[in-house]
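The values are calculated or read from the model by the stated rules, or taken from the named source; none is laboratory data. Note that the coordinates shown come from a computational prediction; the quantities given were computed from them, not determined experimentally. In this analysis, Cβ positions are derived from the backbone assuming ideal geometry, glycine residues included, and neighbour counts consider all displayed protein chains.
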Amino acid sequence: MGREIIYLPETASTQIVAMEMARKGAGDGTVIITERQTDGHGRLKRLWVSPQGNIYMSFILRPSQTEISRLIMAASLAISFAIQDTTGIMTELKWPNDILINGKKVCGMLVENDIRDGQVNFSVVGLGINVNADMQDYPELKDIATSLINHTGKPVSREKLILSFLHEFERLYLDLNEHGKCVFEMWKKRLITLGKEVDVTSGKDIYSGIVETVASDGSLKIRLADGNLVHIVAGDVSLRHA
Ligand code: BTN
């Protein structure tokens with residue numbers, strides 16, 4: 001992981017660069033990293049505010065079909081471990097792929113897969129970690145986002161955080177085939193979404209209920225007020241009593 005690191009002082013979006021490079025055949029584990037993005041985007045095409053001081057990186061991966069559903073779990077755990085290792089801060093995981101500190105988002109993850117004839121050709125995992133930019137400076141984000149410096153009060157070494165993340169991610173990613181179940185159990189343990197009352201937006205539908213369980217492929221099972229159980233593979237969760 002990270003054998004080939006492409007550093008760009010500034011770019012529109014590391015995700016766009018990585019998707020383009022992956023299509024042209026860039027190898028498994030290539031990382032694109034930048035200081036700031038002018039067109040950073042998140043899930044559902046939302047803007048990802050990308051000022052100087054944070055970490056923006058995208059990984060080109062060529063996972064097997066069995067590894068793919070657990071990629072998010074491995075990457076989320078690796079971030080959580082790396083943040084704890086570098087700053088001592090404990091994070092929470094919110095389904096499907098947000099990392100929070102005290103209920104506010106410190107890291108977002110975007111996974112885009114290129115599937116050909118039912119096979120995964122490549123996946124690009126994009127990570128935005130709010131490190132040293134003061135997220136309180138952004139009125140539209142200050143209630144929902146945070147950064148590490150907002151908790152430590154002093155700058156956090158991005159180099160240390162990236163190295164720790166690469167180490168953890170490689171370890172967990174390489175383990176996915178053999179010990180995928182173990183990665184799933186660790187991820188599930190840190191998931192704050194379980195047992196909570198939630199509203200889930202999935203496509204055009206909104207489901208309200210209690211998260212009963214999470215399946216080993218990462219999908220959620222929600223018990224609705226009428227007693228029915230719905231199975232959500234992709235969506236956006238908001239906790240009722242965060
Ligand atoms: C989300 O929470 O919606 C996902 C945010 C992902 C942001 C990262 S920053 C690096 C990469 N480049 C992008 O344009 N997006 C991802």
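Candidates in segment 22-59 are the residues that are within 13 Å of the ligand (Cβ to nearest atom) and free of Cβ contacts under 8 Å to residues at least 12 places away in the same chain; of these, the one that is surrounded by the most Cβ atoms within 10 Å (Cβ to Cβ) is ARG46. On the given criteria, is ASP114 more than 25 Å from VAL198 (Cα to Cα), touching a helix residue (DSSP H, G or I) at 6+ places or on another chain (Cβ under 9 Å) and without any contact (Cβ under 8 Å) to a residue 40 or more places away in the chain? No; evaluated as a whole, the condition is false for this residue. The single condition from (1) of a type in the set (Phe, Trp, Tyr); (2) touching a residue at least 40 places away in the same chain (Cβ under 8 Å); (3) more than 9 Å from the ligand (Cβ to nearest atom) that TYR7 fails is (2).
Do the conditions hold for THR30, that is, is it farther than 19 Å from VAL17 by Cα, at pLDDT 95 or above and hydroxyl-bearing (Ser, Thr, Tyr)? Taking the combined requirement at face value, the residue does not satisfy it.
One residue stands out among those in segment 105-138 that are charged (D, E, K, R) and under 14 Å from the mean Cα position of the chain (by Cα): the one that is nearest to the ligand (Cβ to nearest atom), which is LYS105.
Residues of segment 226-241 being part of a strand (DSSP E or B) and more than 21 Å from GLU112 (Cβ to Cβ), which ones? Those that are part of a strand (DSSP E or B) and more than 21 Å from GLU112 (Cβ to Cβ): LEU229, VAL230, HIS231, SER238, LEU239.
When ILE89, ILE99, ILE68 are checked against the criterion of being away from the ligand (no atom under 13 Å from the Cβ) and closer than 13 Å to SER147 by Cβ, a single residue qualifies: ILE89.
A single member of ARG158, ARG171 is of a type in the set (Lys, Arg) and within 16 Å of the ligand (Cβ to nearest atom), and it is ARG158.
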